[in-house]
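K.L.:
Handing you a structure now.
The values are calculated or read from the model by the stated rules, or taken from the named source; none is laboratory data. Remember, predicted model here, so these are calculated numbers, not experimental data. Note that each Cβ is placed from the backbone with ideal geometry, even for glycine, and that neighbours are counted across all protein chains shown.
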Amino acid sequence: MVTTNDRNIVITGFMGTGKSTVGKLLAEKLGRPFLDTDEEIVRRVHKTIPEIFAQYGEAEFRHIERRMCRFLAAQRGFVISTGGGMLVDEGNCEVMLASGLVVCLTASPEVIAARLTADKSERPLLKGDWRALLEKRRPAYDAIPCQIDTTNRTPEDIVEEIQGLWQTVFV
């Protein structure tokens, strides 16, 4: 039998919305293990995300991501931060929704732009028109029932809101 403590908390959304920052803080506050799907893919494949994209293409990266999604959804009691495109895949989204609480973080395009400018990590999909990518993904993000706008909010405020959602949905 799956108990409340066994359920995962999954943080998703577009790049620059605060998924990793919020996920780490939430895991720490709840005393749960934290996993970032992109970091876990890098650890297992022994290549960076840009290297995977360059050597194998986006289709192969998405295949690896689907396998990772199913593996992580089968884990219990984790806080999981997904890559920005993971739950755009309808099958991945269904798998994660079945594993626990899924929260989609959003932010205004201006805030995303500022955060991405400040972030020095390599993001393969940032090389193109990220605003067009955001608009393309918006219907998938909007389909996720729990949404939190991170614009002009602290990570601590967002963690509190997620804890409130958790209490409402699973306790």
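K.L.:
Looking for something among the polar types (S, T, N, Q) and surrounded by fewer than 19 Cβ atoms within 10 Å (Cβ to Cβ) - is there at least one such residue anywhere in segment 7-14?
P.N.:
no
K.L.:
Could you identify the single residue in Leu97, Leu72 that is within 19 Å of Arg44 (Cα to Cα), under 14 Å from the mean Cα position of the chain (by Cα) and of a type outside the set (Gly, Ala, Ser)?
P.N.:
Exactly one of Leu97, Leu72 is within 19 Å of Arg44 (Cα to Cα), under 14 Å from the mean Cα position of the chain (by Cα) and of a type outside the set (Gly, Ala, Ser), namely Leu72.
K.L.:
Out of all the residues in segment 59-80, is one or more part of a strand (DSSP E or B) and at pLDDT 95 or above?
P.N.:
Looking through segment 59-80, at least one residue is part of a strand (DSSP E or B) and at pLDDT 95 or above.
K.L.:
Out of (1) free of Cβ contacts under 8 Å to residues at least 60 places away in the same chain; (2) part of a helix (DSSP H, G or I); (3) over 27 Å from Trp166 (Cβ atoms), what's the single condition that is false for Phe53?
P.N.:
Checking Phe53 against (1) free of Cβ contacts under 8 Å to residues at least 60 places away in the same chain; (2) part of a helix (DSSP H, G or I); (3) over 27 Å from Trp166 (Cβ atoms), the one that fails is (1).
K.L.:
Look through Gly83, Gly77 and report the one residue that is of a type in the set (Gly, Ala, Ser), within 17 Å of Gln147 (Cα to Cα) and touching a strand residue (DSSP E or B) at 6+ places or on another chain (Cβ under 9 Å).
P.N.:
Step by step, each of Gly83, Gly77 is checked, and only Gly83 is of a type in the set (Gly, Ala, Ser), within 17 Å of Gln147 (Cα to Cα) and touching a strand residue (DSSP E or B) at 6+ places or on another chain (Cβ under 9 Å).
K.L.:
For segment 3-50, which residues satisfy the criterion of being in a loop (DSSP other than H, G, I, E, B) and touching a strand residue (DSSP E or B) at 6+ places or on another chain (Cβ under 9 Å)?
P.N.:
Arg7, Phe14, Thr17, Gly18, Arg32, Pro33
Conditions tested, residue by residue: (1) surrounded by fewer than 20 Cβ atoms within 10 Å (Cβ to Cβ); (2) touching a residue at least 12 places away in the same chain (Cβ under 8 Å); (3) touching a Leu at 6+ places or on another chain (Cβ under 9 Å); (4) closer than 22 Å to Gly164 by Cβ.
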{"residue": "Val42", "(1), (2), (3), (4)": "yes, no, no, no"}
{"residue": "Arg62", "(1), (2), (3), (4)": "yes, yes, no, no"}
{"residue": "Glu65", "(1), (2), (3), (4)": "no, yes, no, no"}
{"residue": "Phe78", "(1), (2), (3), (4)": "no, yes, yes, yes"}
{"residue": "Val88", "(1), (2), (3), (4)": "no, yes, no, no"}
{"residue": "Glu94", "(1), (2), (3), (4)": "yes, no, no, no"}
{"residue": "Val103", "(1), (2), (3), (4)": "no, yes, yes, yes"}
{"residue": "Ala107", "(1), (2), (3), (4)": "no, yes, no, yes"}
